[in-house]
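Okay, structure first, notes after.
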Amino acid sequence: MAFFVNLRENIYFRLSMRKMMEKVGLDRKGVDTLFELYYGELTYFVYSFVNDKEVAKDLVHDLFLNLWQNRRQIDPSLSVKSYLFRIARNYAFNYLKHLKVIATNERDVIETYELAGQSRLERVRRLFEKLPEKQKEVVFKCCIEGKLYRETAQEMQISENTVKTHLLRAMKFFRQELRGDILLLFMLVKRRLK
């Protein structure tokens, strides 16, 4: 440990991996020493790309975990510092690419959902137009305007039971026509209950 404390102050600061392995090895203690020495700098470096302190810490932790897991495949001729900073930069870039992919996927899902919703809504509109005039009027007042059966009955000068009958027949019609689209049927029934 004393070797690393003074490392920044002497010519061994730019050690190659080979010299590093000769001095302390890349066993657990050696990787822990590298972690203590470079963690702060690497975290700040990664933060400059990702602008999120917690993400930067996670990426640097992942870097050292990867270093530990792949310690036997490391090229001994590399400079320790440049190797760690290059890996850190690559981790940050991969993270940013991942964010971009997520944003693109979310946008695609939203666009697909909106298009599907529009076509479903158009389907309901076409079915609505097939209803008899009185049923159409009752469905519009109760389901779209949100009026109570009593209010609808008074406005249309019919009984509340007639309003209920019109709604039941309309819902039966929608149920038959929308057999395969349970979501639409659920939306219609939910709208009716409001």
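The values are calculated or read from the model by the stated rules, or taken from the named source; none is laboratory data. Computed from a predicted model, the values in this text were never measured in an experiment. Positions of Cβ are generated from backbone atoms using ideal geometry, with glycine treated the same way; all protein chains shown enter the neighbour counts. Side chains included, ligands, DNA and RNA excluded: accessible areas come from the protein's heavy atoms. Shrake-Rupley method; radii C 1.70, N 1.55, O 1.52, S 1.80 Å.
Just to verify a number: what accessible area does ILE102 come out at with the full protein assembly present, 1.4 Å probe, Å² rounded to tens?
60
For TYR38, TYR44, what's the largest-to-smallest order of accessible area, 1.4 Å probe? Mind showing how you got there, number by number?
Working: TYR38 5, TYR44 165 Å².
Putting TYR38, TYR44 in descending order of accessible area: TYR44, TYR38.
Multiply the residue gap between ARG120 and ASP32 by 0.36 nm, knock off their C-alpha separation, and tell me the result in nm, one decimal place. Don't skip to the answer; put the middle values down first.
On the way: separation 88, 0.36 × 88 = 31.68 nm, distance 5.86 nm.
Contour length minus Cα-Cα distance gives 25.8 nm.
Can you give the FRET efficiency to the nearest 0.05 for TYR83 and ILE110, using r as the Cβ-Cβ distance and R₀ = 45 Å?
Numbers: r = 41 Å, r/R0 = 0.91.
My answer for the efficiency is 0.65.
Subtract the Cα-Cα distance of ASN51 and TYR39 from 0.36 nm times their separation in residues, and report this length gain in nm to one decimal. Before the final figure, lay out the partial values.
Numbers: separation 12, 0.36 × 12 = 4.32 nm, distance 1.67 nm.
Contour length minus Cα-Cα distance gives 2.7 nm.
GLU151 accessible area, nearest 10 Å², 1.4 Å probe?
It works out to around 80 Å².
How big is the accessible area of ASP52 in square angstrom, nearest 10, if you roll a 1.4 angstrom probe over the protein chains?
60
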